[in-house]
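The values are calculated or read from the model by the stated rules, or taken from the named source; none is laboratory data. Source: prediction; values computed, not measured. Please note: Cβ atoms are built from the backbone with ideal geometry, for glycine as well, and neighbour counts cover all protein chains shown. Accessible surface is based on the protein model in full, side chains and every heavy atom, while ligands, DNA and RNA are left aside. Shrake-Rupley method; radii C 1.70, N 1.55, O 1.52, S 1.80 Å.
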Amino acid sequence: MEKIDIGKEFYSRLTNRDDKQRDGKYNGIEFRNKFLSGLYNDKAWKDDSVFIELDFSNVSKMGPSWANEVFAYFTKYGTPSKVLQKIKIVNISRVKRSIIEQELEAGYSKT
Amino acid sequence: MAHLKFLKTILFYFLLIFIFSPQILIFADEPEIKNKLNLNDWNAIISIIASSIVALVGILGLILGYYYYKSRLEYDQCNVEKEKKRCRLQIIFEQLEAYNAIIERVFILDIQNENELTKLRDKIERSFELIEICLELNDKLFNFTNEEIKTILAVNSFVDKNALIMRENFDSLSRQAFQSIRLNYIDKIQKARGVCLNKME
């Protein structure tokens, strides 16, 4: 299981969905391709093991667009609870966790 | 527990001085002591009883006074907490109104050019960030349920992901295009306002 401190290994402000939103930097697609590409197939979702642990202790801001692109994208492979089982999130405030859960419940959407 | 121990100590010394000492003197089997105190002297008996009652009343007054002080302290602390909660909720409510005012400007196209639109979109992001910070820092104070937090967050989730509000170029925007989006947005912000107002006591 890989452990990632997002704030240190990626960026502390996670707001952009893709390179076309705002300044386009440190966006959700970039994060997904860099750390979660191992989940881009059905085989990775067959078992219940944790694929990656994401540490949010150094993340100061997380926007719904970024959360939707990173987490809700995987709802095509499994339910929201399955996604959170595969992608374990730690050291996160209740507000940020609620943002992720809300995006998972809403489903993947670019509009 | 420390204050109970203190009270017990005070009570013990009061009883020792005002109640037990006279009783010990009366029933002591010493002829010298018996001669000093005349058991047939009703004045002496009455004064012992009176001093005992005064001592008991004094102790009772002390205990009642202590519990009044404690209750009053808890009541004042409770009021301070309520006021603190109300003030912090007021901040969230006012920030929601500021956020709404900016979005309304986008809906009615009260914008001159692309540059102004970019600034407004930046303001939208910053103003909701303040709401999120306030929610995080006062999580225990507000004691919102998960559903209530999601109701407030749903406003920005809708706005932030909406291409017309947050991504499209100034030239492609029109009031007509905003019409259906606006109704959906109003529904969400009304629910968020409701959550804040409901928590204000």
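Observations on the model:
- Per-residue HN-Hα couplings for segment B:189-197 [Karplus 6.51, -1.76, 1.60; θ = phi - 60°; Hz; x = Gly/Pro]: 6, 5, 5, 5, 4, x, 4, 5, 5
- Apportionment of accessible area to carbon and sulfur, segment B:99-201, percent (1.4 Å): 48 percent
- Seen through its C-alpha gyration tensor, with square-root eigenvalues sorted a ≥ b ≥ c, the protein assembly as shown comes out prolate because a/c lies at 1.5 or above while a/b is bigger than b/c.
- Accessible area, probe 1.4 Å, largest first, for residues B:12, B:93, A:35: B:12, B:93, A:35
- By average C-beta atoms within 10 angstrom, highest first, the peptides B:67-80, B:122-135: B:122-135, B:67-80
- Partner chain coverage, peptide B:153-160 - average Cβ within 10 angstrom: 5
- Set of lysines near residue B:70 by C-alpha distance (under 25 Å), chain-local residues within fewer than 8 positions excluded: B:5, B:8, B:82, B:84, B:85, B:140
- Of the solvent-accessible surface of chain A, computed with a 1.4 Å probe over protein heavy atoms with every protein chain present, carbon and sulfur atoms account for 47 percent.
- Take every pair of alpha-carbon atoms less than 8 Å apart whose residues are at least six positions apart; their mean separation over the length of segment B:56-194 yields a relative contact order of 29 percent.
- Largest-first ordering by accessible area, 1.4 Å probe, given options A:15, B:118: B:118, A:15
- Three-way shape call for segment A:46-111 based on the alpha-carbon gyration tensor, with the a/c threshold at 1.5: oblate
- Interface area, A with B, accessible, probe 1.4 Å, both sides summed, Å² nearest 100: 2000 Å²
- Per residue, the convex hull around the alpha carbon atoms of segment A:2-106 comes to 91 Å³.
- Peptide A:91-100 - average C-beta neighbours from other chains (10 Å radius): 5
- Using C-alpha pairs under 8 Å with a sequence gap of at least 6, the mean separation divided by the residue count of segment A:2-106 gives a relative contact order of 33 percent.
- Take every pair of alpha-carbon atoms less than 8 Å apart whose residues are at least six positions apart; their mean separation over the length of segment B:126-201 yields a relative contact order of 40 percent.
- Legend: translational diffusion of segment B:36-112 by Stokes-Einstein, Rh = Kirkwood radius over C-alpha pairs, 10 °C, 1.306 mPa s; D = 84 µm²/s.
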